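Have a look at the structure below, then the notes.
The values are calculated or read from the model by the stated rules, or taken from the named source; none is laboratory data. From a predicted model like this one, the values you see are computed outputs, not experimental measurements. Cβ atoms come from the backbone with ideal geometry, glycine included; neighbour counts cover every protein chain shown.
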Amino acid sequence: MRVRSLLATALPLLWGVVAGWWTPRGPGTVGTALASVAVSLVVGLAAGWWSRSRWAMLVAPVFFALAVELVRLRLRGPTVDRPHLTGLGVAALLAGRGVHGLLALLPMLVGTAYGAGLARRLDGVPPRRPVPRWSGRVGIGLLAALLALVTAGAAVPGRTDPIPGGIARFDTVDSGGRELGLLIRGTDMGAPVLLVVPGPPGGSEVGAVRRHLSALEQHFVVAVWDRAGAPHSWSAFRSPADWRLDDEVDDLVAVARHLCERFGRDRIHLVAHSGGTTVGLLAVQRHPELFASYVGVGQVVSLREADRSQYADTVAWARRTGRTALADRMTAQGPPPYRDIWAYEALLTNEAGAFPVDRAGAGEDETGTVGNLGVPEYSPLEKVHVFGFLDGWDVLYPRLQDLDFRRDVRQLAVPARFVDGAQEVPGRLRLFEEWYAQLQAPRKDHLVIPRAGHRSLFERPDEFVTYLERIRVDDTPPGN
């Protein structure tokens, strides 16, 4: 009896240690998700069988969860840190522990119930009274049905519609032993190649590009890169100690080289948005031989100064509009930089209110990336893992506070194009104009799109596509 009880607790603990090491931020692919469900179900069946007790339904998942949490104490990020009862905190909790729970704790709970019930029946234990017996069966049956739905959803892969005579596929790139994911689409395999870099570390804009910039596929072979930790690059999550800007630049260079080799090009065009411009600009500066042109949308110049300006404007807006509690809280906190994403939450979640954008006729609404999750290129599991960018942002953003391109990047060897919305956060525009005035490049220009904000390329896609059509003609070298 003692041996069986020991095994019933030791097996979930062991599986928790393995799962915490193998999928520390939860299963991120169809294969790992289905494996998690299968192993957890088997572990639950075994724990229930050995224990002969329905208490295993509680004990086994708890021991598993404790082991996972202990193993991943070395990690950092909203999806693995202690929960925060804020908007971002709830999203992180659901995307992290919520998904992991559905793919591990739920099957383990169902398995222990069936394992204990089967063992008790074979041992000849008298059944409970009819009402508890049937209510228990109904409850476990409903949980089993939920598990079947979760498993079926996790098994559905992302897909992209074919393009007859062109290219439409997912691709992977090896960067330092980690796999980075791309979506590649274009009607003409011989067209110039355009690489799109999303904003935050761990960010994905596959949905936004497919929904709002599909017209680019008529003019370019469009490759959309999911940065390390994003849905299509989930396995490429770095440990917090190793997550540096230079590593992100190396990833981008690996992707650019892959595209040049795959399509037989000497150079590709690069479009980077928001935080992705820090990676994109440095990649172009260090490896101009790979790029035909650089297009920075919402170009970063100095995160520290931009955030301080935004902070002052947000506090003033909060006081002007009667949001006294917000203004007092931000004032007590003081201006950035901060050490983690939670301290930045007031800036992030109030940007749309403090700096409104005219949405009349816009392609994208204020929901941004989240509002573009409906495309089939995201599997159900990947839709949830879009929030993985919170972990990347939390780790890398505080490490970029000394970055200042007015000092670090004063010259580029390729044509430099920039796009901003006229309703961009004013402090960002002021910094950009100061830097742009001193930037030296073979060609440079700056498009300001009316009635657009920070995500101007998705908010007013027609103007952006027309602009890139011109770049295709002006900046594509012969044979590219």
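Note on region 220-325: enclosed helices (runs of 4 or more DSSP H) holding 1 or more residues that are acidic (Asp, Glu) are 245-263, 303-320. Just to be sure, is Trp243 at pLDDT 95 or above, in contact with a helix residue (DSSP H, G or I) (Cβ under 7 Å, 6 or more places away or on another chain) and closer than 26 Å to Gly26 by Cβ? Criteria not met by Trp243.
For region 329-369, the set of residues classified as assigned to a helix (DSSP H, G or I), within 22 Å of the chain's Cα centre (by Cα) and without any contact (Cβ under 8 Å) to a residue 12 or more places away in the chain consists of Ala343 only. For Gly111, state whether it is within 30 Å of Arg25 (Cβ to Cβ), modelled with pLDDT of 90 or more, small (Gly, Ala, Ser) and outside the structural domain of Trp225 (by TED's automatic domain parsing). Yes.
In the set Leu390, Leu429, only one residue is out of contact with any Lys or Arg (no Cβ under 9 Å at 6 or more places or on another chain), free of Cβ contacts under 8 Å to residues at least 40 places away in the same chain, in the same structural domain as Glu345 (by TED's automatic domain parsing) and more than 25 Å from His287 (Cβ to Cβ); that residue is Leu429. When the residues of region 370-380 are filtered to those that are in a helix (DSSP H, G or I) and more than 12 Å from the chain's Cα centre (by Cα), the one that is surrounded by the fewest Cβ atoms within 10 Å (Cβ to Cβ) is Gly371. The condition of being within 13 Å of Arg359 (Cα to Cα) and more than 28 Å from the chain's Cα centre (by Cα) holds for only one of Pro442, Pro450, that being Pro450.
The rows are residues; the columns are (1) more than 13 Å from Phe64 (Cα to Cα); (2) in contact with a strand residue (DSSP E or B) (Cβ under 6 Å, 6 or more places away or on another chain); (3) assigned by TED's automatic domain parsing to the domain that holds Pro380; (4) of a type in the set (S, T, N, Q).
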site: Leu6; (1), (2), (3), (4): yes, no, no, no
site: Gly16; (1), (2), (3), (4): no, no, no, no
site: Thr23; (1), (2), (3), (4): yes, no, no, yes
site: Thr29; (1), (2), (3), (4): yes, no, no, yes
site: Thr32; (1), (2), (3), (4): yes, no, no, yes
site: Val43; (1), (2), (3), (4): no, no, no, no
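So, Leu34, is that one aliphatic (A, V, I, L, M), in contact with a helix residue (DSSP H, G or I) (Cβ under 8 Å, 6 or more places away or on another chain), surrounded by fewer than 23 Cβ atoms within 10 Å (Cβ to Cβ) and within 30 Å of Glu179 (Cα to Cα) or not?
The answer is yes for Leu34.
If you check Arg72, Arg82 for being among the basic types (Lys, Arg) and at pLDDT 90 or above, only one passes: Arg72. Every condition in (1) out of contact with any Lys or Arg (no Cβ under 9 Å at 6 or more places or on another chain); (2) under 21 Å from Val196 (Cβ atoms) is met by Asn372 except one, and the failing one is (1).
Search region 445-466 for residues being of a type outside the set (Asp, Glu), in a helix (DSSP H, G or I) and touching a residue at least 40 places away in the same chain (Cβ under 8 Å), and hand back the single one that is nearest to Val209 (Cα to Cα). Once the filter is applied, the top-ranked residue is Phe458. Restricting region 158-207 to residues that are under 14 Å from Arg262 (Cα atoms) and among the basic types (Lys, Arg) leaves a set whose member that is surrounded by the most Cβ atoms within 10 Å (Cβ to Cβ) is Arg185.
Rundown of residues vs (1) at pLDDT 85 or above; (2) within 24 Å of Trp234 (Cα to Cα); (3) hydroxyl-bearing (Ser, Thr, Tyr); (4) in a loop (DSSP other than H, G, I, E, B), yes/no style:
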{"residue": "Arg128", "(1), (2), (3), (4)": "no, no, no, yes"}
{"residue": "Arg133", "(1), (2), (3), (4)": "no, no, no, no"}
{"residue": "Leu147", "(1), (2), (3), (4)": "yes, yes, no, no"}
{"residue": "Val150", "(1), (2), (3), (4)": "yes, yes, no, no"}
{"residue": "Val156", "(1), (2), (3), (4)": "yes, yes, no, yes"}
{"residue": "Thr160", "(1), (2), (3), (4)": "yes, yes, yes, yes"}
{"residue": "Gly165", "(1), (2), (3), (4)": "yes, no, no, yes"}
{"residue": "Ala168", "(1), (2), (3), (4)": "yes, yes, no, no"}
{"residue": "Asp171", "(1), (2), (3), (4)": "yes, yes, no, no"}
